[in-house]
Amino acid sequence: MIKAFIQERIFHLQTKNTSYIIKVLPSKHLGNLYYGKKLDFDMDYNNLELKHKLEVGSQVAYDKEDKTFTLNTAFLEMPTFGKGDFREPMCHFRLNDGSRITDFLYQNFQILEDKPKFPKMPEAFGDHIETLEIELVDPVSSLQVNLYYSCFEDSDIITRRVVVMNKAEAPVIIEKVLSMNLDLNNDDYSLTSFDGAWIKERQINQQIINPGILKIDSKKGVSSADHNPFVVLSNPYCNEHQGKCYGFSLIYSGSFEAVVERNPYNQIRMQMGINSFDFYWELLPDQSFVSPEVVLTFSDQGYNRLSQNLHDLIKNHIINPDFKTKNRPVLFNNWEATMFDFNQRKLLNLAKKARQLGVELFVLDDGWFGQRNDDTSSLGDWFVNQKKLPLGIHKLAERINRLGMSFGIWVEPEMTNVDSELYKNHPDWVIHHPQRACSFGRNQLVLDMSKPEVIDYLEQALTKLFTSANIEYCKWDMNRNITDLYSDSLSPKDQGKLSHLYVIGLYDLLDRLTKRFPKILFESCASGGNRFDLGMLYYMPQIWTSDNTDAFSRYFIQYGTYFGYPQSVVGAHVSDTPSMQVLRKTPLETRFNLSAFGLLGYELDISLLTPFEKKVIKKQIAFYKAHQQLFQFGELHRLASPYKQNEMHLMVVAPDKTEAMLGIFQSFEQPNAEFNKILLPMLDEKKTYRIVKRDQYFNLEMFGHLVKHALPIKLNAKAMFFHLLKNRYLFKTETDDQIVEGDVLVNNGFIPKQKFMGTGYNDQIRLMGDFGSRIYYIREVNENEKNEEFKL
Ligand code: GLA
């Protein structure tokens, strides 16, 4: 809810648990009084103000009549450069006379009952989202800036964006236009960012904010795996369950910046928006520029609550509502199984095997089009490779449908290879500088998405593909960063627009295609997680998290990713072992258990599975499908962090707390191991729960030569018979079935079976091993159900 107190010139935005309070300062600048835990509307707002009674030493007074007020220490909502605020400006302009001074003063406001929609831009949406629009004007240049604040009350989210309008008669250059500025008093804040690179995306990093400027950004044309466009400010007392933190997430898929500045007065300035590096935008008279939207949230109950606010927003107000609670199919993807080396027979063979395991969707990855047999050719030629698939996509999809699975396909529309029909016909469609040799990434070039003819071509080519067969899923890839940033369709003074125009062109194309094909489930991908952001999620309800499918690496990637994104958007596949990316061996059950806390898929050569693996995978898929809604859409809680402990604990809980899944993931087997007692504060203290371990299996190989001590028959671990046995025999792990009161689980914790200690083994012992894991299904039980057999 938003209330304007006209006399006090105060705007108070309230969500379920937070307040954001803005004031028009006596100087007419827009100031921030407060952002944090909810305050009453009915309060004395004077108590929120800094007391300016004396001139601040060596500062420039904004107005000679009031020496006590300087912009440099004020908490501002839209700071610019030139009148005494020497911190980073939120927006910066070069006016027609060459000056760079602007001074935006309050003019007007409106409270809109609905959130205004800006075309060609992804955004958070919803019914009756109250929005505060504030008009600021720089009287000398006639530039106007409208600030928009929208309240997503139930999610405890406030979104912000800026629209710049040139109301002058001369053009203006925008050199910087960020989406937000928030000034806060420093409460010993640290900045948490989610950084990485290919196959190690969204690793958690926390740094102290020292005096000066801390910036994370992307200049790659995509939001990038280097730094996710989502950051957190938190004080030292904050952990997963308690403490104060703020989250900021940008709804944008291109180059961005997030800046934190600490000034000598121990004030913190937080900013986010399109990267100002290499950005300049000429705004002609009567033109406007719309910034991307940024999402702000506050939690005083630690990081989990902060993440849940964001998860809630994404599930209810960012992704396509048609997919909101729609079960995501268990998929098989042929990439790690075959790479480019496949034909129709091979694919159909894999499809048959996949179906037998319980897979619901068969995804044909890279290599099905043009002359593509490796990554040197054919991107852009979105027609079938007749040699590999003589019957075409249509027939292949038909056969796969007949097997009882839906069919999906991979494309990488924003790219081309020199060796392609597309490039031969349109060499001018790639981003390049005419006098410079192009730089290549994965042997490919980037199409100039600022050109309407490129967007039209891609719309046509993909429409043709999507209507040519029963395609129900599309993996949309983007495998290189953008260099040689120059477009021959833009004038020299407009070249600074290209990076943003690329993103706008992409959004335009995605808008057209997702509207035309509303039933296709799109999955965004960029060499894994190189473009994992809210902008892409607006068009595509899920993202391929990382090309790294090694389960242990995934502990860190998924744990980091969950900070800003729910598991319902996290593509997670079981691949072969040793892993293709790190050559590590991990147990099949752990590969599944972790993928189950995301969108489950299988990506390995299932034609080579042993009987052991087949049986185990079949059980995994059946279990996942039986609990698909809970796994995919339950409220996610992070308990133990792999960044801090030898174990990671994850939990998904149904909204009514009647059921939950707990995952325990171990890094390494510890000698003389610790005992587990896992507090489950998210459960209902008044309920009674039954906790049953999922049936899991391990391979005899785990014991190797030690089986001779464990089994009644003597086996030689080096002999052929052992080899045969291990591939067939399902060695069941311990059973665990407990009935525990909710208040015990909340206050004393869940106590699983004792871990292996090196002193012996029997079926009461929880033998995890390196990278071992367990899943426990937790369900409310009433008196009668307590003695019933539990069906999983
Ligand atoms: C990227 C993707 C992979 C796969 C390959 C195909 O690397 O991230 O999943 O689709 O492209 O070339």
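Below, the figures for the structure above:
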{"read-out": "Scan of region 197-249 for residues that are open to solvent by less than 10 Å² (accessible area, probe 1.4 Å), among the polar types (S, T, N, Q) and in a strand (DSSP E or B), ordered by number", "value": "228, 234, 249"}
{"read-out": "Residue 558 more than 30 Å from residue 466 (Cα to Cα), without any contact (Cβ under 8 Å) to a residue 12 or more places away in the chain and not in a loop (DSSP other than H, G, I, E, B)", "value": "no"}
{"read-out": "Test: residue in region 779-789 that is touching a residue at least 12 places away in the same chain (Cβ under 8 Å), open to solvent by less than 40 Å² (accessible area, probe 1.4 Å) and assigned to a strand (DSSP E or B)", "value": "no"}
{"read-out": "Residue satisfying all of: in region 328-350; more than 16 Å from the ligand (Cβ to nearest atom) and surrounded by 15 or more Cβ atoms within 10 Å (Cβ to Cβ); farthest from residue 473 (Cα to Cα) among these", "value": "346"}
{"read-out": "Test: residue 234 is in contact with a Lys or Arg (Cβ under 9 Å, 6 or more places away or on another chain) and on the phi > 0 side of the Ramachandran plot", "value": "no"}
{"read-out": "Which listed residue is closer than 27 Å to residue 350 by Cβ, at pLDDT 95 or above and more than 16 Å from the ligand (Cβ to nearest atom), from 401, 425", "value": "401"}
{"read-out": "Matching helices (runs of 4 or more DSSP H) fully within region 649-768 where at least 3 residues are touching a residue at least 24 places away in the same chain (Cβ under 8 Å)", "value": "720-728, 742-747"}
{"read-out": "Lone qualifier among 563, 592 - being in contact (Cβ under 8 Å) with a residue 60 or more places away in the chain and either crowded, with 24+ Cβ neighbours inside 10 Å or of a type in the set (Phe, Trp, Tyr) (or both)", "value": "563"}
{"read-out": "Failed item, numbered, when residue 336 is tested on (1) under 17 Å from the mean Cα position of the chain (by Cα); (2) within 30 Å of residue 651 (Cβ to Cβ)", "value": "(1)"}
{"read-out": "Flag for residue 458 being closer than 22 Å to residue 567 by Cβ, open to solvent by less than 10 Å² (accessible area, probe 1.4 Å) and either more than 16 Å from the ligand (Cβ to nearest atom) or free of Cβ contacts under 8 Å to residues at least 12 places away in the same chain (or both)", "value": "no"}
{"read-out": "Residue in region 599-612 that is open to solvent by 10 Å² or more (accessible area, probe 1.4 Å) and touching an Asp or Glu at 6+ places or on another chain (Cβ under 8 Å) present", "value": "yes"}
{"read-out": "Residue in region 428-449 that is within 15 Å of the ligand (Cβ to nearest atom) and either part of a helix (DSSP H, G or I) or among the small types (Gly, Ala, Ser) (or both) present", "value": "yes"}
{"read-out": "Output for region 27-53, where each listed residue is in a strand (DSSP E or B) and under 19 Å from residue 66 (Cα atoms)", "value": "30, 31"}
{"read-out": "Filter result (surrounded by fewer than 19 Cβ atoms within 10 Å (Cβ to Cβ) and within 23 Å of residue 330 (Cα to Cα)) within region 631-654", "value": "654"}
{"read-out": "Looking only at region 506-519, and only at residues there that are open to solvent by less than 10 Å² (accessible area, probe 1.4 Å) and touching a helix residue (DSSP H, G or I) at 6+ places or on another chain (Cβ under 8 Å), the one that is farthest from the ligand (Cβ to nearest atom)", "value": "507"}
{"read-out": "Failed condition for residue 668, given (1) modelled with pLDDT of 95 or more; (2) farther than 25 Å from residue 592 by Cα", "value": "(2)"}
{"read-out": "Single residue of region 364-383 satisfying the filter (of a type in the set (Phe, Trp, Tyr) and more than 21 Å from residue 336 (Cβ to Cβ)) that is nearest to the ligand (Cβ to nearest atom)", "value": "382"}
{"read-out": "Some residue of region 147-159 being touching a helix residue (DSSP H, G or I) at 6+ places or on another chain (Cβ under 9 Å), open to solvent by 10 Å² or more (accessible area, probe 1.4 Å) and on the phi > 0 side of the Ramachandran plot", "value": "no"}
{"read-out": "Residues located in region 74-103, provided they are open to solvent by 40 Å² or more (accessible area, probe 1.4 Å) and polar (S, T, N, Q)", "value": "96"}
{"read-out": "Selection count, region 52-73, where residues are among the charged types (D, E, K, R) and either open to solvent by less than 100 Å² (accessible area, probe 1.4 Å) or under 19 Å from residue 183 (Cβ atoms) (or both)", "value": "2"}
{"read-out": "Tally, over region 466-505, of residues that are in a helix (DSSP H, G or I) and either farther than 24 Å from residue 376 by Cα or out of contact with any Ser or Thr (no Cβ under 8 Å at 6 or more places or on another chain) (or both)", "value": "16"}
{"read-out": "Candidates 585, 614 - the one that is away from the ligand (no atom under 15 Å from the Cβ) and in a helix (DSSP H, G or I)", "value": "614"}
{"read-out": "Those residues of region 527-553 which are within 16 Å of the ligand (Cβ to nearest atom), in a helix (DSSP H, G or I) and open to solvent by 10 Å² or more (accessible area, probe 1.4 Å), in sequence order", "value": "553"}
{"read-out": "So residue 463, is it away from the ligand (no atom under 16 Å from the Cβ), part of a helix (DSSP H, G or I), under 28 Å from the mean Cα position of the chain (by Cα) and surrounded by fewer than 16 Cβ atoms within 10 Å (Cβ to Cβ)", "value": "yes"}
{"read-out": "Region 250-276, residues that are open to solvent by 10 Å² or more (accessible area, probe 1.4 Å), part of a loop (DSSP other than H, G, I, E, B) and touching a Leu at 6+ places or on another chain (Cβ under 9 Å)", "value": "276"}
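The values are calculated or read from the model by the stated rules, or taken from the named source; none is laboratory data. Everything numeric in this text was worked out from a predicted model, so none of it was measured. Heads up, the Cβs are rebuilt from the backbone with ideal geometry, glycines too, and the neighbour counts pull from every protein chain shown. Only protein heavy atoms, including side chains, enter the accessible area calculation; ligands, DNA and RNA are left aside. Shrake-Rupley method; radii C 1.70, N 1.55, O 1.52, S 1.80 Å.
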